[in-house]
Amino acid sequence: VPVLALHGVTGGGFLWAGLARELAGQARITALDFRGHGKSDWSDKRAYATEDHIEDLRRVFDQVDFGPRPLRIIGSSWGALAAIGLLSERPGLASHLMIVDVEPSFNAGETDVFPRPYRFCGIKGVVDWEVRANPNALPQDVAAFAHASVIQTLDGPWLRRHDPYFLTHWPFRNDDRWQELAALRQHVHIVHGSDSFVRLEICE
């Protein structure tokens, strides 16, 4: 079964390594880096609205053959919002959508961002921070995520693999996807983490 996995803000395709391991032999996972994240280019114009991600996904579907079976999409946070927008205009692209920990609209503003470090003296500091931030994740997954989420600079420090713009701006906070979500005809599953800051009542 082909699965397209879409990450959230400050994440990357590497986020789905654990999922790929668990579904080995059952599903073929395709995970990409949104613009400004991972190994994808940054936008000089800071064109990082959800609509920009949706446009990138249109190009992906125009160029990538996911095979004959109905595609399933799993989106975490921002990735889910982009998937909702894409499927609202191209419903035939996928048969299932899994929405992980996001609200279709927000009370918080674009600049109401949780503080997080961008620069580290060594990889151990990255791993330690991720362990504290993700206490329920498997240690091997946290370590793999930590290593993949940074890059070492020529003068020594390690930096996050995303545009530092996302330290102060989460553009998806401007979204309102309720109407698009209500109109979807795919099988839609909602996943909510027990320790998430996403409101349970909204997910319900």
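Values as computed for the structure displayed
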quantity	calculated
Among (1) modelled with pLDDT of 95 or more; (2) in contact with a Leu (Cβ under 9 Å, 6 or more places away or on another chain) - the single one Glu51 does not satisfy	(2)
Pair list, Cβ under 7 Å, 6 or more apart: region 129-150 residue farther than 18 Å from Arg161 by Cβ, other residue open to solvent by 30 Å² or more (accessible area, probe 1.4 Å)	Asn136/Asp195
Subset of region 22-33 that is farther than 19 Å from Leu167 by Cβ and assigned to a loop (DSSP other than H, G, I, E, B) - its residue that is most open to solvent (accessible area, probe 1.4 Å)	Gln26
Residue check, Val1 aliphatic (A, V, I, L, M), surrounded by fewer than 19 Cβ atoms within 10 Å (Cβ to Cβ) and in contact (Cβ under 8 Å) with a residue 40 or more places away in the chain	yes
In region 34-57, the residues that are surrounded by 19 or more Cβ atoms within 10 Å (Cβ to Cβ), touching a Lys or Arg at 6+ places or on another chain (Cβ under 9 Å) and assigned to a loop (DSSP other than H, G, I, E, B)	Gly36, Gly38, Tyr48
Among (1) over 19 Å from the mean Cα position of the chain (by Cα); (2) surrounded by 13 or more Cβ atoms within 10 Å (Cβ to Cβ); (3) not aromatic (Phe, Trp, Tyr), the one test that Glu130 misses	(1)
Out of Asp163, Asp176, sole residue that is open to solvent by less than 40 Å² (accessible area, probe 1.4 Å), within 25 Å of Ala82 (Cβ to Cβ) and charged (D, E, K, R)	Asp163
Scan of region 70-93 for residues that are within 21 Å of Gly12 (Cα to Cα) and over 17 Å from the mean Cα position of the chain (by Cα), ordered by number	Leu71
Any chance Ile123 is in contact (Cβ under 8 Å) with a residue 12 or more places away in the chain and either open to solvent by less than 50 Å² (accessible area, probe 1.4 Å) or more than 22 Å from Ser196 (Cβ to Cβ) (or both)	yes
Residue that is least open to solvent (accessible area, probe 1.4 Å) [pool: residues in region 58-86 that are more than 14 Å from Val3 (Cβ to Cβ) and assigned to a loop (DSSP other than H, G, I, E, B)]	Ser77
Strands (runs of 3 or more DSSP E) completely within region 87-178 that count 3 or more residues being more than 30 Å from Val1 (Cα to Cα)	150-152, 158-160
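The values are calculated or read from the model by the stated rules, or taken from the named source; none is laboratory data. All values derive from a computational prediction rather than experimental measurement. Neighbour counts run over all protein chains shown; Cβ positions are idealised from the backbone, glycine included. For the accessible areas, the whole protein counts, side chains as well, though only heavy atoms, and no ligand, DNA or RNA atoms are used. Shrake-Rupley method; radii C 1.70, N 1.55, O 1.52, S 1.80 Å.
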